[in-house]
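Here's the structure we're looking at; comments come further down.
The values are calculated or read from the model by the stated rules, or taken from the named source; none is laboratory data. Every value quoted in this text rests on a predicted model; they were computed, and no experiment measured them. Every residue, glycine among them, receives a Cβ derived from its backbone with ideal geometry; neighbour counts consider all protein chains shown. Please note that ligands, DNA and RNA were not included when accessible areas were found on the heavy atoms of the full protein model with its side chains. Shrake-Rupley method; radii C 1.70, N 1.55, O 1.52, S 1.80 Å.
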Amino acid sequence: MLNFERVKISHEDPKKRVESFVLEPVKEYSGSEAVAEASRCIGCNICTQACPASLDIGGYINSTAVGDPAQTVRIVFENLPFPAIIGRVCTHLCEDICVMYDTGGPIAIRHLKRYAADTFADYGEILNLPKKKFIGKKVAVIGGGPSGLTAAYYLSVQGIKVTLFEKLPALGGFMKTGIPRYRLPQEVLDKEIGFIISQGVDVKLNTDIGKDITFDEILKGYDAVYISVGNQKPHMTGTPGSDAVNVLHATQFLRRVSFGERIDVGKNVVVIGGGFTANDSARTSIRFGAKNVYIMYRRREIDRPGYPSMNADEEMEETIEEFVHYMWEVTPFEYVKEGDRVIKLRYWQNEMVMEAGGRAKPVPQKDKVHEIDVDFIIEATGQETDYTFMEDEYLRMLRLTPQGQPIINEAGMTSIPGLFSGGDSTNSNRDLISAVRDADRAVNGILNYLNVMDQVSEDRLPILDRWKKYSTTSAKRAYAERSR
Ligand SMILES: Cc1cc2nc3c(=O)[nH]c(=O)nc-3n(C[C@H](O)[C@H](O)[C@H](O)COP(=O)(O)OP(=O)(O)OC[C@H]3O[C@@H](n4cnc5c(N)ncnc54)[C@H](O)[C@@H]3O)c2cc1C
Ligand code: SF4
(Lines give C-alpha, C1' and ligand atoms only; values in the text may rest on other atoms or scores of the structure.)
(Ligands and ions follow the chains in the order given, each with its own letter.)
Protein backbone atom coordinates (compact mmCIF):
# COMPACT_ATOMS: atom_id res chain seq x y z
CA MET A 1 0.00 0.00 0.00
CA LEU A 2 1.44 3.41 -0.94
CA ASN A 3 1.70 5.88 1.90
CA PHE A 4 1.24 9.55 1.00
CA GLU A 5 1.02 10.77 4.60
CA ARG A 6 2.88 13.90 5.66
CA VAL A 7 6.05 13.04 7.62
CA LYS A 8 5.17 13.69 11.23
CA ILE A 9 6.47 16.86 12.85
CA SER A 10 7.39 16.12 16.49
CA HIS A 11 6.87 18.44 19.41
CA GLU A 12 8.68 18.80 22.71
CA ASP A 13 6.80 17.75 25.82
CA PRO A 14 4.73 20.80 26.95
CA LYS A 15 5.75 20.22 30.58
CA LYS A 16 9.39 20.64 29.56
CA ARG A 17 8.56 23.56 27.25
CA VAL A 18 6.98 25.71 29.92
CA GLU A 19 10.07 25.35 32.11
CA SER A 20 12.23 26.98 29.45
CA PHE A 21 12.40 30.32 27.65
CA VAL A 22 14.50 28.87 24.84
CA LEU A 23 13.31 25.31 24.12
CA GLU A 24 11.57 25.30 20.73
CA PRO A 25 8.16 23.58 20.82
CA VAL A 26 8.63 22.10 17.34
CA LYS A 27 11.49 19.68 16.67
CA GLU A 28 13.43 19.79 13.41
CA TYR A 29 13.19 17.14 10.66
CA SER A 30 16.20 14.88 10.24
CA GLY A 31 17.81 14.73 6.78
CA SER A 32 15.95 11.57 5.77
CA GLU A 33 12.62 12.91 7.08
CA ALA A 34 13.12 16.13 5.10
CA VAL A 35 13.85 14.22 1.88
CA ALA A 36 10.83 11.94 2.43
CA GLU A 37 8.51 14.87 3.08
CA ALA A 38 9.85 16.96 0.20
CA SER A 39 9.43 13.97 -2.16
CA ARG A 40 5.64 14.15 -1.70
CA CYS A 41 5.52 17.52 -3.49
CA ILE A 42 4.27 17.36 -7.09
CA GLY A 43 5.74 20.76 -7.98
CA CYS A 44 2.51 22.36 -9.18
CA ASN A 45 3.41 25.68 -7.46
CA ILE A 46 -0.19 26.52 -6.60
CA CYS A 47 1.20 27.41 -3.15
CA THR A 48 3.52 30.03 -4.65
CA GLN A 49 0.51 32.01 -5.74
CA ALA A 50 -0.78 32.25 -2.16
CA CYS A 51 2.64 33.26 -0.82
CA PRO A 52 2.73 37.05 -0.40
CA ALA A 53 6.42 37.05 -1.36
CA SER A 54 5.91 34.64 -4.31
CA LEU A 55 8.68 32.24 -3.25
CA ASP A 56 9.35 29.49 -5.79
CA ILE A 57 8.13 26.83 -3.37
CA GLY A 58 7.87 23.94 -5.81
CA GLY A 59 11.42 24.72 -6.94
CA TYR A 60 13.00 24.76 -3.51
CA ILE A 61 11.06 21.77 -2.18
CA ASN A 62 12.32 19.81 -5.16
CA SER A 63 15.93 20.72 -4.30
CA THR A 64 15.48 19.32 -0.82
CA ALA A 65 13.83 16.21 -2.27
CA VAL A 66 16.94 15.51 -4.35
CA GLY A 67 19.21 16.10 -1.34
CA ASP A 68 20.40 19.59 -2.27
CA PRO A 69 19.39 21.90 0.61
CA ALA A 70 22.00 24.45 -0.52
CA GLN A 71 19.98 24.98 -3.70
CA THR A 72 16.84 25.31 -1.56
CA VAL A 73 18.49 28.17 0.32
CA ARG A 74 19.64 29.77 -2.93
CA ILE A 75 16.10 29.70 -4.35
CA VAL A 76 14.60 31.13 -1.15
CA PHE A 77 17.15 33.95 -1.26
CA GLU A 78 15.67 35.06 -4.61
CA ASN A 79 12.98 36.83 -2.57
CA LEU A 80 13.73 36.42 1.12
CA PRO A 81 16.97 36.86 3.07
CA PHE A 82 16.06 35.00 6.30
CA PRO A 83 14.90 31.43 5.58
CA ALA A 84 15.53 30.03 9.08
CA ILE A 85 13.36 32.73 10.67
CA ILE A 86 10.55 32.33 8.17
CA GLY A 87 11.03 28.56 8.37
CA ARG A 88 9.93 28.80 12.01
CA VAL A 89 7.35 31.56 12.30
CA CYS A 90 5.82 32.20 8.88
CA THR A 91 2.02 32.24 8.77
CA HIS A 92 2.50 29.62 5.99
CA LEU A 93 -0.75 30.21 4.12
CA CYS A 94 0.97 28.32 1.28
CA GLU A 95 0.25 25.10 3.21
CA ASP A 96 -3.45 25.96 3.56
CA ILE A 97 -3.84 25.90 -0.23
CA CYS A 98 -1.42 23.01 -0.99
CA VAL A 99 -3.01 20.51 -3.39
CA MET A 100 -1.75 17.63 -1.24
CA TYR A 101 -3.93 18.77 1.65
CA ASP A 102 -6.45 15.98 1.14
CA THR A 103 -3.84 13.42 0.12
CA GLY A 104 -2.01 12.80 3.36
CA GLY A 105 -1.77 16.43 4.45
CA PRO A 106 -0.20 19.58 3.02
CA ILE A 107 3.53 19.55 2.31
CA ALA A 108 5.32 20.83 5.42
CA ILE A 109 6.67 23.80 3.47
CA ARG A 110 7.66 25.95 6.43
CA HIS A 111 9.34 23.08 8.24
CA LEU A 112 11.32 22.06 5.16
CA LYS A 113 12.61 25.61 4.78
CA ARG A 114 13.78 25.55 8.40
CA TYR A 115 15.57 22.25 7.81
CA ALA A 116 17.40 23.52 4.71
CA ALA A 117 18.38 26.83 6.31
CA ASP A 118 19.61 25.24 9.53
CA THR A 119 21.93 22.98 7.53
CA PHE A 120 24.25 25.96 6.86
CA ALA A 121 26.00 28.10 9.46
CA ASP A 122 27.24 30.59 6.87
CA TYR A 123 25.10 31.40 3.83
CA GLY A 124 28.07 33.23 2.28
CA GLU A 125 29.60 29.85 1.45
CA ILE A 126 26.65 28.67 -0.64
CA LEU A 127 25.26 31.86 -2.16
CA ASN A 128 28.33 32.83 -4.20
CA LEU A 129 27.48 36.53 -4.07
CA PRO A 130 29.58 38.37 -6.65
CA LYS A 131 31.90 41.13 -5.48
CA LYS A 132 29.84 44.29 -5.80
CA LYS A 133 30.85 47.71 -7.04
CA PHE A 134 29.48 50.80 -5.29
CA ILE A 135 27.16 52.38 -7.83
CA GLY A 136 27.24 55.83 -6.29
CA LYS A 137 23.83 56.00 -4.60
CA LYS A 138 22.92 56.20 -0.93
CA VAL A 139 19.68 54.96 0.59
CA ALA A 140 18.47 55.37 4.18
CA VAL A 141 16.26 52.73 5.76
CA ILE A 142 14.30 53.79 8.85
CA GLY A 143 13.38 50.82 11.05
CA GLY A 144 15.39 47.60 11.42
CA GLY A 145 12.54 45.07 11.40
CA PRO A 146 12.04 42.37 8.74
CA SER A 147 10.97 44.86 6.10
CA GLY A 148 13.87 47.24 6.65
CA LEU A 149 16.36 44.37 6.81
CA THR A 150 15.06 42.88 3.55
CA ALA A 151 15.33 46.21 1.76
CA ALA A 152 18.82 46.77 3.20
CA TYR A 153 19.96 43.34 1.97
CA TYR A 154 18.70 43.53 -1.63
CA LEU A 155 19.89 47.11 -2.08
CA SER A 156 23.32 46.37 -0.59
CA VAL A 157 23.96 43.34 -2.79
CA GLN A 158 23.40 45.65 -5.76
CA GLY A 159 26.13 48.05 -4.60
CA ILE A 160 23.86 50.70 -3.08
CA LYS A 161 25.28 52.25 0.12
CA VAL A 162 22.61 51.57 2.75
CA THR A 163 22.39 53.16 6.19
CA LEU A 164 19.89 51.50 8.49
CA PHE A 165 18.53 53.56 11.41
CA GLU A 166 16.98 51.72 14.35
CA LYS A 167 15.81 53.36 17.52
CA LEU A 168 16.29 50.31 19.75
CA PRO A 169 19.63 48.80 20.82
CA ALA A 170 19.03 45.71 18.62
CA LEU A 171 17.84 44.92 15.10
CA GLY A 172 14.92 42.66 14.21
CA GLY A 173 11.79 44.71 14.98
CA PHE A 174 9.05 42.45 16.29
CA MET A 175 11.12 39.38 15.31
CA LYS A 176 13.33 40.40 18.24
CA THR A 177 10.99 42.31 20.56
CA GLY A 178 7.66 40.56 19.93
CA ILE A 179 8.14 36.89 19.03
CA PRO A 180 9.62 35.12 22.09
CA ARG A 181 12.94 33.25 21.99
CA TYR A 182 11.34 29.80 22.40
CA ARG A 183 9.64 30.36 19.02
CA LEU A 184 12.56 32.17 17.43
CA PRO A 185 15.97 31.48 19.00
CA GLN A 186 18.50 34.27 19.43
CA GLU A 187 21.15 32.26 17.50
CA VAL A 188 18.84 32.16 14.48
CA LEU A 189 18.28 35.92 14.64
CA ASP A 190 22.01 36.51 15.05
CA LYS A 191 22.94 34.26 12.13
CA GLU A 192 20.47 35.73 9.64
CA ILE A 193 20.58 39.39 10.66
CA GLY A 194 24.38 39.10 10.88
CA PHE A 195 24.52 37.82 7.30
CA ILE A 196 22.36 40.69 6.02
CA ILE A 197 24.50 43.29 7.78
CA SER A 198 27.70 41.67 6.50
CA GLN A 199 26.70 42.78 3.00
CA GLY A 200 28.01 46.22 3.96
CA VAL A 201 24.95 47.75 5.63
CA ASP A 202 25.90 50.66 7.90
CA VAL A 203 23.79 50.19 11.04
CA LYS A 204 22.97 53.04 13.42
CA LEU A 205 21.38 51.57 16.54
CA ASN A 206 19.81 53.65 19.33
CA THR A 207 18.94 56.25 16.72
CA ASP A 208 15.37 57.44 16.93
CA ILE A 209 14.50 59.38 13.82
CA GLY A 210 12.62 62.50 14.82
CA LYS A 211 14.58 62.75 18.08
CA ASP A 212 18.24 61.91 17.49
CA ILE A 213 18.23 62.97 13.83
CA THR A 214 15.47 64.91 12.08
CA PHE A 215 13.54 63.29 9.29
CA ASP A 216 14.34 66.32 7.15
CA GLU A 217 18.08 65.59 7.47
CA ILE A 218 17.51 62.00 6.37
CA LEU A 219 15.36 62.91 3.39
CA LYS A 220 17.83 65.54 2.22
CA GLY A 221 20.94 63.48 2.96
CA TYR A 222 20.08 60.37 0.89
CA ASP A 223 19.07 59.64 -2.69
CA ALA A 224 16.02 57.66 -1.51
CA VAL A 225 14.50 56.61 1.82
CA TYR A 226 12.63 53.45 2.83
CA ILE A 227 10.39 53.77 5.88
CA SER A 228 9.65 50.51 7.67
CA VAL A 229 8.76 51.65 11.16
CA GLY A 230 6.02 49.06 11.63
CA ASN A 231 3.02 49.45 13.86
CA GLN A 232 4.72 49.99 17.13
CA LYS A 233 2.54 52.44 19.07
CA PRO A 234 0.57 50.46 21.68
CA HIS A 235 -3.18 50.75 21.59
CA MET A 236 -4.48 50.48 25.17
CA THR A 237 -8.13 49.80 26.03
CA GLY A 238 -8.52 52.71 28.43
CA THR A 239 -10.49 50.45 30.79
CA PRO A 240 -10.91 52.11 34.22
CA GLY A 241 -7.98 50.96 36.36
CA SER A 242 -5.60 50.42 33.44
CA ASP A 243 -3.15 52.98 34.86
CA ALA A 244 -2.19 50.42 37.54
CA VAL A 245 1.43 49.25 37.78
CA ASN A 246 0.48 45.65 37.02
CA VAL A 247 -1.16 46.44 33.66
CA LEU A 248 1.05 46.49 30.56
CA HIS A 249 0.54 46.50 26.85
CA ALA A 250 1.69 43.17 25.39
CA THR A 251 4.34 44.72 23.13
CA GLN A 252 5.88 46.52 26.13
CA PHE A 253 5.75 43.31 28.16
CA LEU A 254 7.33 41.18 25.41
CA ARG A 255 9.93 43.81 24.55
CA ARG A 256 11.15 43.95 28.14
CA VAL A 257 11.30 40.15 28.24
CA SER A 258 13.21 40.06 24.94
CA PHE A 259 15.91 42.27 26.46
CA GLY A 260 16.33 39.82 29.34
CA GLU A 261 14.03 41.22 32.02
CA ARG A 262 12.26 38.71 34.26
CA ILE A 263 8.84 40.14 35.14
CA ASP A 264 6.97 39.03 38.24
CA VAL A 265 3.47 38.34 36.89
CA GLY A 266 2.20 36.51 39.98
CA LYS A 267 -0.17 33.54 39.83
CA ASN A 268 -3.21 34.86 37.96
CA VAL A 269 -2.73 36.53 34.60
CA VAL A 270 -5.34 37.81 32.18
CA VAL A 271 -4.35 38.61 28.61
CA ILE A 272 -6.84 40.62 26.59
CA GLY A 273 -6.80 40.04 22.83
CA GLY A 274 -6.72 37.05 20.53
CA GLY A 275 -3.86 37.13 18.01
CA PHE A 276 -0.12 36.34 17.99
CA THR A 277 0.61 38.92 20.65
CA ALA A 278 -1.98 37.58 23.07
CA ASN A 279 -0.79 33.99 22.67
CA ASP A 280 2.89 34.91 23.05
CA SER A 281 2.17 36.99 26.17
CA ALA A 282 0.15 34.17 27.73
CA ARG A 283 2.77 31.53 26.99
CA THR A 284 5.51 33.80 28.32
CA SER A 285 3.51 34.38 31.53
CA ILE A 286 3.27 30.62 32.02
CA ARG A 287 7.07 30.45 31.69
CA PHE A 288 7.31 33.08 34.44
CA GLY A 289 5.49 30.63 36.71
CA ALA A 290 1.90 31.91 36.49
CA LYS A 291 -0.60 29.17 37.36
CA ASN A 292 -3.85 30.50 35.89
CA VAL A 293 -3.46 32.28 32.58
CA TYR A 294 -6.56 33.33 30.66
CA ILE A 295 -6.81 34.84 27.20
CA MET A 296 -10.01 36.89 27.02
CA TYR A 297 -11.38 37.64 23.57
CA ARG A 298 -14.60 39.54 22.91
CA ARG A 299 -15.70 37.57 19.85
CA ARG A 300 -16.00 33.84 19.01
CA GLU A 301 -13.14 31.42 18.50
CA ILE A 302 -13.74 31.51 14.73
CA ASP A 303 -13.49 35.32 14.71
CA ARG A 304 -10.03 35.48 16.26
CA PRO A 305 -7.24 37.28 14.34
CA GLY A 306 -5.42 35.06 11.85
CA TYR A 307 -8.23 32.50 11.59
CA PRO A 308 -9.09 30.61 9.35
CA SER A 309 -5.59 29.26 8.87
CA MET A 310 -3.57 26.25 9.89
CA ASN A 311 -1.13 28.64 11.55
CA ALA A 312 -3.82 30.04 13.86
CA ASP A 313 -4.96 26.50 14.74
CA GLU A 314 -1.42 25.30 15.42
CA GLU A 315 -0.76 28.34 17.58
CA MET A 316 -3.91 27.74 19.62
CA GLU A 317 -3.11 24.06 20.01
CA GLU A 318 0.38 24.85 21.35
CA THR A 319 -1.03 27.50 23.68
CA ILE A 320 -3.60 25.09 25.13
CA GLU A 321 -0.94 22.37 25.48
CA GLU A 322 0.97 24.88 27.61
CA PHE A 323 -1.95 25.14 30.04
CA VAL A 324 -3.38 28.51 28.95
CA HIS A 325 -7.19 28.88 28.98
CA TYR A 326 -9.22 30.82 26.42
CA MET A 327 -12.35 32.72 27.37
CA TRP A 328 -14.40 33.62 24.30
CA GLU A 329 -17.11 36.26 23.97
CA VAL A 330 -16.25 38.35 27.04
CA THR A 331 -15.90 42.09 27.57
CA PRO A 332 -13.66 43.26 30.46
CA PHE A 333 -15.00 46.60 31.65
CA GLU A 334 -13.25 47.38 34.95
CA TYR A 335 -9.91 46.66 36.58
CA VAL A 336 -10.52 46.87 40.33
CA LYS A 337 -7.56 48.48 42.08
CA GLU A 338 -6.20 48.29 45.60
CA GLY A 339 -3.63 51.07 45.92
CA ASP A 340 -1.71 51.20 42.63
CA ARG A 341 -2.33 47.55 41.74
CA VAL A 342 -5.22 45.77 40.07
CA ILE A 343 -6.55 42.87 42.12
CA LYS A 344 -9.69 41.89 40.20
CA LEU A 345 -11.02 42.16 36.69
CA ARG A 346 -14.73 42.58 36.06
CA TYR A 347 -16.26 41.45 32.80
CA TRP A 348 -19.50 40.77 31.01
CA GLN A 349 -20.33 37.73 28.93
CA ASN A 350 -21.25 38.74 25.35
CA GLU A 351 -23.99 37.57 23.08
CA MET A 352 -23.05 37.45 19.41
CA VAL A 353 -25.65 39.19 17.26
CA MET A 354 -25.56 38.82 13.48
CA GLU A 355 -25.29 42.11 11.59
CA ALA A 356 -26.38 42.94 8.04
CA GLY A 357 -22.88 42.32 6.53
CA GLY A 358 -22.85 38.76 7.92
CA ARG A 359 -20.36 39.60 10.70
CA ALA A 360 -21.39 38.76 14.25
CA LYS A 361 -21.17 41.63 16.72
CA PRO A 362 -20.42 41.08 20.42
CA VAL A 363 -23.12 42.57 22.64
CA PRO A 364 -22.27 42.54 26.38
CA GLN A 365 -24.95 41.11 28.66
CA LYS A 366 -24.72 43.79 31.34
CA ASP A 367 -27.33 42.36 33.71
CA LYS A 368 -24.73 40.03 35.23
CA VAL A 369 -21.22 41.05 36.30
CA HIS A 370 -18.48 38.40 36.47
CA GLU A 371 -15.25 38.80 38.39
CA ILE A 372 -11.85 37.15 38.35
CA ASP A 373 -8.78 37.57 40.61
CA VAL A 374 -5.73 38.97 38.82
CA ASP A 375 -2.08 39.61 39.63
CA PHE A 376 -1.22 40.92 36.17
CA ILE A 377 -3.13 42.14 33.11
CA ILE A 378 -1.62 42.25 29.64
CA GLU A 379 -3.47 44.13 26.92
CA ALA A 380 -2.77 42.63 23.50
CA THR A 381 -5.20 44.99 21.86
CA GLY A 382 -3.25 46.11 18.84
CA GLN A 383 -0.83 48.80 17.81
CA GLU A 384 -0.95 51.87 15.60
CA THR A 385 1.34 53.44 13.07
CA ASP A 386 3.20 56.45 14.38
CA TYR A 387 4.49 58.94 11.80
CA THR A 388 4.97 61.81 14.23
CA PHE A 389 8.73 61.55 13.64
CA MET A 390 8.13 63.53 10.43
CA GLU A 391 8.01 67.32 10.42
CA ASP A 392 4.59 68.89 9.73
CA GLU A 393 5.58 70.02 6.23
CA TYR A 394 6.14 66.35 5.26
CA LEU A 395 3.10 65.09 7.12
CA ARG A 396 1.03 67.51 5.04
CA MET A 397 2.54 66.09 1.83
CA LEU A 398 2.03 62.45 2.88
CA ARG A 399 -1.24 61.02 1.58
CA LEU A 400 -2.77 58.62 4.09
CA THR A 401 -5.52 56.01 4.05
CA PRO A 402 -8.50 56.59 6.38
CA GLN A 403 -6.69 54.22 8.80
CA GLY A 404 -3.69 56.58 8.89
CA GLN A 405 -1.32 54.48 6.78
CA PRO A 406 0.70 56.07 3.95
CA ILE A 407 -0.71 55.41 0.51
CA ILE A 408 1.93 53.86 -1.73
CA ASN A 409 1.93 53.23 -5.46
CA GLU A 410 2.71 49.92 -7.20
CA ALA A 411 6.44 50.65 -6.77
CA GLY A 412 6.06 51.16 -3.02
CA MET A 413 6.55 54.95 -3.25
CA THR A 414 4.55 57.33 -1.06
CA SER A 415 3.17 60.68 -2.24
CA ILE A 416 6.59 62.22 -1.42
CA PRO A 417 9.04 61.61 -4.30
CA GLY A 418 11.91 59.33 -3.30
CA LEU A 419 10.19 58.26 -0.07
CA PHE A 420 9.18 54.58 -0.08
CA SER A 421 7.40 52.63 2.61
CA GLY A 422 6.31 49.10 3.47
CA GLY A 423 5.75 46.49 6.17
CA ASP A 424 3.20 46.69 8.96
CA SER A 425 2.93 50.45 8.55
CA THR A 426 1.42 50.08 5.07
CA ASN A 427 0.00 46.57 4.62
CA SER A 428 -3.01 44.98 6.27
CA ASN A 429 -1.70 41.40 6.53
CA ARG A 430 0.66 42.37 9.36
CA ASP A 431 2.92 39.37 9.09
CA LEU A 432 6.58 38.79 8.34
CA ILE A 433 6.27 37.48 4.82
CA SER A 434 4.13 40.46 3.76
CA ALA A 435 6.71 42.82 5.28
CA VAL A 436 9.34 41.04 3.16
CA ARG A 437 7.21 41.30 0.06
CA ASP A 438 6.72 45.05 0.54
CA ALA A 439 10.47 45.48 0.79
CA ASP A 440 11.03 43.40 -2.37
CA ARG A 441 8.65 45.69 -4.22
CA ALA A 442 10.27 48.83 -2.83
CA VAL A 443 13.77 47.60 -3.77
CA ASN A 444 12.67 47.33 -7.40
CA GLY A 445 10.92 50.71 -7.06
CA ILE A 446 13.95 52.42 -5.50
CA LEU A 447 16.37 51.08 -8.13
CA ASN A 448 14.05 52.31 -10.86
CA TYR A 449 13.63 55.67 -9.15
CA LEU A 450 17.42 56.03 -8.86
CA ASN A 451 17.67 55.19 -12.54
CA VAL A 452 20.32 52.50 -11.99
CA MET A 453 18.50 49.46 -13.42
CA ASP A 454 21.10 49.26 -16.19
CA GLN A 455 23.86 48.84 -13.57
CA VAL A 456 22.28 46.20 -11.35
CA SER A 457 22.69 42.47 -11.47
CA GLU A 458 19.32 41.14 -12.62
CA ASP A 459 19.65 37.75 -10.95
CA ARG A 460 19.95 39.51 -7.56
CA LEU A 461 16.70 41.47 -7.96
CA PRO A 462 13.86 40.14 -5.82
CA ILE A 463 11.28 38.50 -8.07
CA LEU A 464 7.77 39.91 -7.72
CA ASP A 465 4.40 38.24 -8.22
CA ARG A 466 5.11 34.90 -9.81
CA TRP A 467 1.99 33.48 -11.48
CA LYS A 468 -0.60 35.31 -9.40
CA LYS A 469 -3.89 33.51 -9.82
CA TYR A 470 -4.59 32.72 -6.17
CA SER A 471 -3.99 34.88 -3.12
CA THR A 472 -3.75 34.74 0.65
CA THR A 473 -7.53 35.11 0.68
CA SER A 474 -7.87 32.01 -1.53
CA ALA A 475 -5.65 30.13 0.94
CA LYS A 476 -7.82 31.17 3.88
CA ARG A 477 -10.96 30.16 1.98
CA ALA A 478 -9.41 26.79 1.12
CA TYR A 479 -8.51 26.17 4.75
CA ALA A 480 -11.96 27.21 5.98
CA GLU A 481 -13.59 24.73 3.56
CA ARG A 482 -11.16 21.93 4.38
CA SER A 483 -11.34 22.27 8.14
CA ARG A 484 -15.14 22.47 8.22
C1 LIG B 1 4.19 39.33 19.65
C2 LIG B 1 4.18 39.25 18.15
C3 LIG B 1 4.24 38.01 17.54
C4 LIG B 1 4.22 37.90 16.17
N5 LIG B 1 4.30 36.66 15.61
C6 LIG B 1 4.35 36.55 14.26
C7 LIG B 1 4.49 35.26 13.66
O8 LIG B 1 4.56 34.23 14.32
N9 LIG B 1 4.54 35.22 12.29
C10 LIG B 1 4.46 36.34 11.52
O11 LIG B 1 4.54 36.22 10.29
N12 LIG B 1 4.31 37.56 12.06
C13 LIG B 1 4.27 37.70 13.42
N14 LIG B 1 4.12 38.93 13.98
C15 LIG B 1 3.98 40.09 13.10
C16 LIG B 1 5.35 40.52 12.55
O17 LIG B 1 6.29 40.52 13.59
C18 LIG B 1 5.24 41.87 11.89
O19 LIG B 1 4.29 41.77 10.83
C20 LIG B 1 6.57 42.32 11.31
O21 LIG B 1 7.58 42.35 12.29
C22 LIG B 1 6.45 43.71 10.66
O23 LIG B 1 7.67 44.07 10.16
P24 LIG B 1 8.09 45.60 9.93
O25 LIG B 1 9.49 45.56 9.46
O26 LIG B 1 7.07 46.27 9.11
O27 LIG B 1 8.00 46.30 11.35
P28 LIG B 1 8.55 45.97 12.79
O29 LIG B 1 8.92 44.56 12.94
O30 LIG B 1 7.56 46.53 13.72
O31 LIG B 1 9.89 46.83 12.87
C32 LIG B 1 9.86 48.24 12.88
C33 LIG B 1 11.17 48.75 13.45
O34 LIG B 1 11.22 50.18 13.29
C35 LIG B 1 11.81 50.76 14.44
N36 LIG B 1 11.38 52.15 14.51
C37 LIG B 1 10.11 52.62 14.70
N38 LIG B 1 10.12 53.96 14.69
C39 LIG B 1 11.41 54.35 14.48
C40 LIG B 1 12.05 55.62 14.37
N41 LIG B 1 11.37 56.77 14.49
N42 LIG B 1 13.40 55.67 14.18
C43 LIG B 1 14.11 54.51 14.07
N44 LIG B 1 13.54 53.27 14.16
C45 LIG B 1 12.22 53.21 14.36
C46 LIG B 1 11.25 49.89 15.57
O47 LIG B 1 12.00 50.02 16.75
C48 LIG B 1 11.32 48.49 14.96
O49 LIG B 1 12.56 47.87 15.20
C50 LIG B 1 4.13 39.07 15.37
C51 LIG B 1 4.05 40.32 15.97
C52 LIG B 1 4.08 40.42 17.34
C53 LIG B 1 4.00 41.78 18.00
S1 SF4 C 1 0.89 23.21 -3.69
FE2 SF4 C 1 1.78 21.53 -2.47
S3 SF4 C 1 2.26 19.97 -4.02
FE4 SF4 C 1 1.99 21.90 -5.18
S5 SF4 C 1 4.13 22.79 -5.27
FE6 SF4 C 1 3.12 23.65 -3.44
S7 SF4 C 1 3.84 22.28 -1.82
FE8 SF4 C 1 4.19 21.16 -3.73
Counted charge near E355, where neighbours are those whose Cβ lies closer than 14 Å (Asp, Glu -1; Lys, Arg +1): +2
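Loop only by DSSP, 12 or fewer other Cβ within 10 Å of the Cβ. Give me the trypsin sites (Lys or Arg not before Pro) in the stretch 278-332 that pass, ordered by residue number.
Values: sites: R283, R287, K291, R298, R299, R300; in loops: K291, R298, R299, R300.
Loop-located and lightly packed - K291.
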Candidate lysines for bridging to K27, where Cα separation is under 18 Å - those fewer than 8 sequence places away on the same chain excluded: K8, K15, K16, K113
Fraction of antiparallel bridges per DSSP, the chain only, in percent to nearest 5: 40
The stretch 308-449 - percent of accessible surface contributed by carbon and sulfur, probe 1.4 Å: 49
Packing-based order for 410-417, 95-102, using average beta carbon neighbours within 10 Å, highest first: 95-102, 410-417
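Exactly which chymotrypsin sites (Phe, Trp or Tyr not before Pro) in the stretch 234-323 are in a DSSP loop and have at most 13 other Cβ atoms within 10 Å?
On the way: sites: F253, F259, F276, F288, Y294, Y297, F323; in loops: F259, F288, F323.
Here the sparse-neighbourhood loop sites are F259.
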Cα principal axis extents for the chain, largest first, Å: 70, 70, 47
Distance from the stretch 401-421 to the stretch 37-112 (C-alpha centre basis), Å: 31
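Please tell me the relative contact order of the stretch 234-383 in percent, rounded to the nearest whole number, where contacts are Cα pairs under 8 Å and at least six residues apart. Working shown, then result.
Values: 309 pairs, mean separation 49.9, N = 150.
Worked out over the stretch 234-383, it gives 33 percent.
Filter K161/K469; K337/K368; K191/K291; K176/K211; K167/K220; K137/K233 down to the pairs with a C-alpha to C-alpha distance above 27 Å, please.
Numbers: K161/K469 36 Å; K337/K368 20 Å; K191/K291 35 Å; K176/K211 22 Å; K167/K220 20 Å; K137/K233 32 Å.
K161/K469; K191/K291; K137/K233, as the Cα separations exceed 27 Å there.
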Among 440-450, 212-222, 230-240, 61-71, the order from most to least packed when residues are scored by Cβ within 10 Å on average: 440-450, 61-71, 230-240, 212-222
Inter-part distance where the stretch 152-167 and the stretch 273-335 are each reduced to a Cα centre, Å: 37
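Might you tell me the accessible area per residue for the stretch 234-383, computed with a 1.4 Å probe and given in Å²?
Details: 6720 Å² over 150 residues.
For the stretch 234-383, the per-residue accessible area is 45 Å².
Among rounded, prolate and oblate, which fits the stretch 234-383 when a ≥ b ≥ c are the square roots of the eigenvalues of its C-alpha gyration tensor, a/c under 1.5 means rounded, and a/b larger than b/c means prolate?
Oblate, because a/c is 1.5 or more while a/b does not exceed b/c.
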Cα convex hull of the stretch 334-413, projected area averaged across orientations, nm²: 10.3
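I need to check one value: relative contact order of the chain, counting alpha carbon pairs closer than 8 Å and at least 6 residues apart, in percent.
Numbers: 1015 pairs, mean separation 92.0, N = 484.
It rounds to 19 percent for the chain.
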Rg to Rh, two decimals, where the stretch 106-216 supplies the alpha carbon set and Rh follows Kirkwood: 1.01
Global geometry of the stretch 8-137, whether rounded, prolate or oblate, following the gyration tensor of its Cα atoms and the 1.5 cut on a/c: oblate
Mean Cβ count within 10 Å, highest first, over the residues of peptides 246-252, 109-115, 263-269: 109-115, 246-252, 263-269
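Would you tally the net charge around G445, using a Cβ to Cβ cut-off of less than 11 Å, leaving G445 out, and scoring K and R as +1, D and E as -1? Write out the running numbers ahead of the final one.
On the way: positive: R441; negative: E410, D438, D440.
Neighbour charge sum, excluding G445 itself: -2.
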The stretch 213-271: proportion of alpha-carbon pairs further apart than 18 angstrom, %: 56
222 nm mean residue ellipticity, helices alone, for the chain (DSSP H n ≥ 4; -39,500 (n - 2.57); rounded to 500): -9000 deg cm²/dmol
Amide H contacts under 5 Å for Y123, placed H, 5+ residues apart: none
